[in-house]
Amino acid sequence: MWVDFAAPLEVLAHRIVWAIPLLLCLITITRQWPAARQLDRRQISVLALCSLLLATNWLIFIFAVQSGRIAETALGYFINPLVSIVLGGLFLNEKLRRWQWVAAAIAALGVSFELLKLGQLPWLALTLAFSFGFYGLLRKQLGLPSSVGLGIETAIVAPVAAGYLIYAYGFTDAVERDLQQTLQLGLGGLVTVAPLVLFASAAIRMPLTTLGFFQYLAPSLSLLLAVFYFEEAVSSARWVSFSLVWFGLVIFSVEGLYVYQQHRARQLPRN
């Protein structure tokens with residue numbers, strides 16, 4: 001990992017602090033300051049909860065990568081789309097069709113198998129899945145411009161992150177960083193902003209059930225990196241869990257494609 005010289009909390013703090021300037025620029029360029037000034041107390045309260053969910057997600061992910069558990073993060077983000085599907089059905093009245101429920105049940109079976117086989121709950125994977133799942137749910141309900149929402153979320157936790165860095169660098173001798181290391185840590189904040197802004201924007205425009213489907217691309221890449229680049233060992237039980245989750249995703253994908261084609265066919269003009 002490019003920043004494995006730093007502890008997870010330090011990486012997270014830099015990610016938050018360095019994201020602020022870029023988000024301010026985005027809000028200014030897109031002329032979204034009026035939307036930011038019109039936020040009410042309820043919206044700010046929800047954004048505060050979003051910021052806690054997002055910070056938790058980031059911290060768990062950083063910890064997992066640094067501790068060589070990338071495959072478990074992949075499992076979490078494979079579960080996440082199906083969590084989004086269920087949350088969309090439960091809280092947003094997005095009707096789940098029969099085969100969508102089947103897909104979610106098969107994925108749940110995969111997690112249950114790992115629990116029974118390994119004798120422990122994959123807490124890291126489940127924390128990643130549910131924290132980001134509920135984050136997407138809350139952001140969709142708010143319907144705010146993506147840059148504004150992420151900017152407020154980041155600003156809420158920025159004082160804590162900045163305070164941690166000031167304490168770590170100014171009042172302890174345990175942490176010393178040269179310019180190159182600081183820039184490496186800062187780059188993490190910049191590359192984090194773009195995908196989250198795009199995610200929040202998509203969450204407003206797309207059904208949460210559809211958005212969940214596209215989310216399986218990221219864990220696929222993570223798993224490939226874990227196995228082929230980092231040479232991380234993946235147990236046979238975890239492969240079974242992955243297989244069940246993938247099977248659920250295949251069912252969801254095929255069913256969604258079929259429904260889309262049926263819908264298109266009904267809209268075509270008849271001679």
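Our summary gives the chain a relative contact order of 37 percent, counting only alpha carbon pairs under 8 angstrom and 6 or more residues apart. Normalised by residue count, the range 45-113 yields a Cα convex hull volume of 90 Å³ per residue.
Overall form of the range 73-121: prolate. Here a/c, set by the Cα gyration tensor axes a ≥ b ≥ c, is 1.5 or more, and a/b is the larger of a/b and b/c. Label zone (L225, point 7 Å along Cα-to-C-beta; backbone nitrogen cut-off 20 Å) within the range 95-138: 124-133. Pairwise over distinct Cα atoms, reciprocal of the mean inverse distance: report the Kirkwood radius of the range 222-267 in Å, one decimal place. One decimal place: 12.9 Å for the Kirkwood radius. Cα centroids of the range 1-39 and the range 41-59: 14 Å apart.
Along the range 60-66 the Karplus relation, 6.51 cos²θ - 1.76 cosθ + 1.60 evaluated at θ = phi - 60°, assigns HN-Hα couplings of 5, 5, 4, 4, 5, 5, 5 Hz to successive residues, with x for each Gly and Pro.
Given axes a ≥ b ≥ c from the Cα gyration tensor, I'd like to know whether the chain is rounded (a/c under 1.5), prolate (a/b larger than b/c) or oblate.
On the way: a/c = 2.17, a/b = 1.25, b/c = 1.73.
Oblate shape, in that a/c is at least 1.5 and b/c is the bigger or equal ratio.
Helix 123-142: angle to the longest alpha-carbon principal axis of the chain, degrees 0 to 90, nearest 10? In the chain, helix 123-142 runs at an angle near 80 degrees to the longest axis.
Give, rounded to the nearest 20 debye, the magnitude of the charge dipole that the chain has about its Cα centre when Lys and Arg contribute +1 at Cβ and Asp and Glu contribute -1 at Cβ.
So the dipole magnitude of the chain works out to roughly 1440 debye.
Backbone geometry of the range 51-57 corresponds, through the Karplus equation with coefficients 6.51, -1.76 and 1.60 at θ = phi - 60°, to 3J(HN,Hα) couplings of 5, 5, 5, 5, 5, 4, 4 Hz, x marking Gly and Pro.
Placing a label point 7 Å from the Cα of S112 along the Cα-to-Cβ direction, the residues of the range 242-261 whose backbone N falls under 20 Å of that point are 242-252.
For the pair C25 and A265 in one chain, pulling the backbone fully straight at 0.36 nm per residue adds 82.0 nm over the alpha carbon distance.
Evaluate the relative contact order of the range 60-206 (contact order divided by residue number), counting alpha-carbon pairs under 8 angstrom at least 6 apart; express in whole percent.
Values: 94 pairs, mean separation 40.7, N = 147.
Relative contact order of the range 60-206: 28 percent.
Residue by residue, the range 102-114 carries 3J(HN,Hα) couplings of 4, 4, 5, 5, 5, 4, 4, 5, x, 5, 5, 4, 5 Hz when phi is fed to the Karplus relation 6.51 cos²θ - 1.76 cosθ + 1.60 (θ = phi - 60°); x denotes Gly or Pro. Rounding to the nearest 10 and keeping the result within 0 to 90°, find how far the Cα-based axis of helix 146-170 lies from the longest principal axis of the chain. So the helix axis and the longest Cα principal axis differ by about 40 degrees.
I need the shape label for the range 89-157. Rule: rounded when a/c is under 1.5, else prolate if a/b > b/c, else oblate, with a, b, c from the alpha carbon gyration tensor. Mind dumping the intermediate values first?
On the way: a/c = 4.65, a/b = 1.51, b/c = 3.08.
Note, shape of the range 89-157 comes out oblate.
Please identify, among V160, V17, V86, the residue showing maximal mean-square fluctuation in a Gaussian network model of the chain using a 10 angstrom Cα cutoff. Maximum among the listed residues: V160.
Throughout, read-outs are computed from the coordinates displayed, never taken from laboratory work. All values reported here derive from a predicted model rather than from experimental measurement. All Cβ positions, even for glycine, are placed from backbone atoms using ideal geometry, and neighbour counts span all protein chains on display.
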